[in-house]
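Peer 1: Got a structure for you, questions after.
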Amino acid sequence: MSTLSVYCDGGARGNPGPAAWGFVVKKNGTLKKEAAGFIGVATNNVAEYTALVEALKWLSQNFKAYDLNIYLDSQLVVLQMAGRYKVKNAKLRELIFKVRSLEANFGKISYRHIERAKNKEADRLVNIALNGAT
């Protein structure tokens, strides 16, 4: 089975503040999709999870049953998805439920923490969405 690399990022200017998400999908190093969106006033964590949800929604329509390596610069999200950190916030629990529902469309999924410098493409999309909305 083929594996896709998915880079997700979310950000808020202020916490909470104007927030946006972005994701990049690559197959064997070739860009398959990049997308971003503005979500209004939200926290950084909500923006990070929204990026993950939006990526999985798009992937479930275009690359169902693939294995996924998902890269995020939010260590909190990676550890929560691994079940190592509890999720107390109701909004985050709602977003995690959406993620878990979408995960059923794929093979093996690996969540990996990366340095912000290695997530530049997704971060760039977040800033474009924020700049266009504010």
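Taken together, the values in this text are just the output of simple stated rules run on the coordinates, not laboratory data. A quick note: this is a predicted structure, and the numbers were derived from the prediction, not measured. Here the Cβ is made from the backbone with ideal geometry for all residues, glycine too, and neighbour counts use every protein chain on show.
Peer 1: Within the stretch 89-134, work out how many residues are more than 22 Å from P18 (Cβ to Cβ) and not in a helix (DSSP H, G or I).
Peer 2: So the answer is 12.
Peer 1: Return the only residue of I39, I96 being more than 18 Å from I128 (Cα to Cα), under 14 Å from the mean Cα position of the chain (by Cα) and of a type in the set (V, I, T). Spell out how you get there, then give the answer.
Peer 2: Values: I39 fails: more than 18 Å from I128 (Cα to Cα).
Checking each option against the conditions leaves just I96.
Peer 1: Also, I was wondering about something else. Out of (1) within 16 Å of S5 (Cα to Cα); (2) touching a strand residue (DSSP E or B) at 6+ places or on another chain (Cβ under 9 Å), the odd one out for E48 is which?
Peer 2: Of (1) within 16 Å of S5 (Cα to Cα); (2) touching a strand residue (DSSP E or B) at 6+ places or on another chain (Cβ under 9 Å), only one is false for E48: (1).
Peer 1: From (1) in contact with a helix residue (DSSP H, G or I) (Cβ under 8 Å, 6 or more places away or on another chain); (2) farther than 27 Å from A133 by Cα, pick out the condition that doesn't hold for L52.
Peer 2: Result: L52 fails condition (2) only.
Peer 1: (1) touching a strand residue (DSSP E or B) at 6+ places or on another chain (Cβ under 7 Å); (2) buried (at least 22 other Cβ atoms within 10 Å of the Cβ): which one isn't true of Y66, the others all being true?
Peer 2: Unmet for Y66, out of (1) touching a strand residue (DSSP E or B) at 6+ places or on another chain (Cβ under 7 Å); (2) buried (at least 22 other Cβ atoms within 10 Å of the Cβ): (2).
Peer 1: In addition: Between a residue in the stretch 74-93 that is free of Cβ contacts under 8 Å to residues at least 60 places away in the same chain and hydroxyl-bearing (S, T, Y) and any residue that is surrounded by fewer than 18 Cβ atoms within 10 Å (Cβ to Cβ) and in a helix (DSSP H, G or I), which pairs come within a Cβ distance under 7 Å, given they are 6 or more apart or on different chains?
Peer 2: The qualifying pairs are Y85/L76; Y85/L79.
Peer 1: Between a residue in the stretch 99-121 that is within 17 Å of A47 (Cβ to Cβ) and any residue that is surrounded by fewer than 13 Cβ atoms within 10 Å (Cβ to Cβ) and of a type outside the set (S, T, N, Q), which pairs come within a Cβ distance under 9 Å, given they are 6 or more apart or on different chains?
Peer 2: Taking only residues 6 or more apart or on different chains, the pairs are Y111/A82; E121/L31.
Peer 1: Among the residues of the stretch 90-134, what is the count of those that are touching a Gly at 6+ places or on another chain (Cβ under 8 Å) and farther than 17 Å from V24 by Cα?
Peer 2: Residues meeting the conditions: 0.
Peer 1: For the stretch 34-52, what are the residues that are of a type in the set (V, I, T) and crowded, with 20+ Cβ neighbours inside 10 Å?
Peer 2: Correct list: V46, T50.
Peer 1: Would you mention how many residues in the stretch 48-75 are closer than 17 Å to G29 by Cα, among the aromatic types (F, W, Y) and under 14 Å from the mean Cα position of the chain (by Cα)?
Peer 2: Total satisfying the criteria: 1.
Peer 1: Here is a further query. Consider the stretch 61-85. How many of its residues are more than 22 Å from T3 (Cα to Cα) and in contact with a helix residue (DSSP H, G or I) (Cβ under 8 Å, 6 or more places away or on another chain)?
Peer 2: 3
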